[in-house]
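Undergrad: Starting off with a structure, shown below.
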Amino acid sequence: MKRIGILTSGGDAPGMNAAIRAVTRTALAHGIEVYGINYGFAGLVAGDIFPMTSAEVADKINRGGTFLYSARYPEFAQEEGQLKGIEQLKKFGIDALVVIGGDGSYHGALALTKRGYNAVGLPGTIDNDIPYTDYTIGFDTACMTAADNLDKIRDTATSHQRVFVVNVMGRECGDIAMYAGVASGADAIVIPERSYDIAQIAQGLKQGFANGKKHGLVVVAEGVMNANEFKDELLKYGDFDARATVLGHVQRGGEPTVRDRILATKMGAYAVQLLLNGKGGLAVGIEGNKITHHNILDLFDEKHHGDFSLFELNKDLAK
Ligand code: F6P
């Protein structure tokens, strides 16, 4: 193996740049050339590919987003897209790839491996919804951002003795809601993986005010319901003043936390080692504080298991 390619795909996540840097510097240190591919699989097919130097990744470890840009490119699921991508890999003399992203990116990495180009996937998504990894790159930063915003919302909620219903991201995964919710003292956390009872949540909020609380904070994962709809439902059971906020894409940006930078760095270096050992079709993870890998195929049969003890814990903490 003489030359590897690297791309970021799907929704960007803080720490992707740190991963690109780790892959690039580790590969260069082993005498392997690195080519950057812009705009994910779309850029691979279009041949938007350039040689990366060590200087190219300088001053990037602390930057949010991805300097290789990203794109959602469903066309790569089709044979035609894959063959065009391979033509470009041949043209640029790229022997293997590191792909940073979520589920869609892993499908692309597996397809390339099956066609003879070893590809290793790194879990880059704020959602923390990938199996066989306790944490994904970007999740910690997104939780920090969400918690920071929830704290700010609580200030104004308290001033007006209001209830706020706040949507956080995560697609069908409730991890951001659980972590940011517990960290910011939410009165209720609502996630797709667990049932909920709006009447009971309203009752809890009323009880909170009766006990002397000056605010009510309900964190609702986006996969459950829109915050506005949820607030309207809640108001059918309670006579409090309520507002809804959707945190949205602010959760995807910003400087990665130290935890995300370190995770991205360890995973990036590990991915290069796998490729150096001639391995492909693998997804890197962190399990019990150890960097691990699994066959990408196994990930498709498995679901991410969140730490639902947080959800249970919050029921008592919110009283
Ligand atoms: O997967 C990351 C994520 O931010 C999800 O949390 C969210 O549902 C989705 O992407 C938003 O996608 P888009 O940026 O395409 O609107």
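No lab work stands behind these numbers, since they all come straight from the coordinates. Worth saying up front: this structure is predicted, and the values here are computed from it rather than measured. All Cβ positions, glycine included, derive from the backbone under ideal geometry; neighbour counts span all protein chains shown.
Undergrad: Here is a list of conditions, (1) touching a Ser or Thr at 6+ places or on another chain (Cβ under 7 Å); (2) on the phi > 0 side of the Ramachandran plot, and LYS214 meets all of them except one; can you say which number that is?
TA: (2)
Undergrad: Criterion first (away from the ligand (no atom under 14 Å from the Cβ) and over 28 Å from ASN289 (Cα atoms)) does ALA188 satisfy it?
TA: In short, yes.
Undergrad: Give segment 99-139 a look and list any residue that's part of a helix (DSSP H, G or I), more than 16 Å from the ligand (Cβ to nearest atom) and among the small types (Gly, Ala, Ser), or say none.
TA: Residues satisfying the conditions are ALA109, ALA111.
Undergrad: May I pose another question? Among the residues of segment 253-267, is there at least one that is crowded, with 22+ Cβ neighbours inside 10 Å, of a type outside the set (Lys, Arg) and in a loop (DSSP other than H, G, I, E, B)?
TA: The answer is yes, given that some residue of segment 253-267 is crowded, with 22+ Cβ neighbours inside 10 Å, of a type outside the set (Lys, Arg) and in a loop (DSSP other than H, G, I, E, B).
Undergrad: Pick from GLY64, GLY81, GLY36: which is surrounded by 15 or more Cβ atoms within 10 Å (Cβ to Cβ) and over 27 Å from ILE262 (Cβ atoms)?
TA: None of the other options fit; the residue is GLY81.
Undergrad: Also, I was wondering about something else. Only one residue in ALA180, ALA142 is within 14 Å of the ligand (Cβ to nearest atom), buried (at least 20 other Cβ atoms within 10 Å of the Cβ) and either touching a residue at least 40 places away in the same chain (Cβ under 8 Å) or charged (D, E, K, R) (or both). Which one?
TA: Step by step, each of ALA180, ALA142 is checked, and only ALA142 is within 14 Å of the ligand (Cβ to nearest atom), buried (at least 20 other Cβ atoms within 10 Å of the Cβ) and either touching a residue at least 40 places away in the same chain (Cβ under 8 Å) or charged (D, E, K, R) (or both).
Undergrad: Among the candidates LEU276, LEU282, LEU263, which residue alone is out of contact with any strand residue (DSSP E or B) (no Cβ under 7 Å at 6 or more places or on another chain), closer than 30 Å to LYS114 by Cα and either among the hydrophobic types (A, V, I, L, M, F, W, C) or within 16 Å of the ligand (Cβ to nearest atom) (or both)?
TA: Being out of contact with any strand residue (DSSP E or B) (no Cβ under 7 Å at 6 or more places or on another chain), closer than 30 Å to LYS114 by Cα and either among the hydrophobic types (A, V, I, L, M, F, W, C) or within 16 Å of the ligand (Cβ to nearest atom) (or both) holds for just one of LEU276, LEU282, LEU263, which is LEU276.
Undergrad: Continuing with the same structure: Pick from segment 2-33 the residues that are surrounded by 23 or more Cβ atoms within 10 Å (Cβ to Cβ) and among the hydroxyl-bearing types (Ser, Thr, Tyr): which of them is nearest to SER105 (Cα to Cα)?
TA: SER9
Undergrad: Another question, then. Can you confirm whether segment 245-261 contains a residue that is closer than 16 Å to VAL163 by Cβ and either in contact with a helix residue (DSSP H, G or I) (Cβ under 7 Å, 6 or more places away or on another chain) or hydrophobic (A, V, I, L, M, F, W, C) (or both)?
TA: Taking every residue of segment 245-261 in turn, at least one turns out to be closer than 16 Å to VAL163 by Cβ and either in contact with a helix residue (DSSP H, G or I) (Cβ under 7 Å, 6 or more places away or on another chain) or hydrophobic (A, V, I, L, M, F, W, C) (or both).
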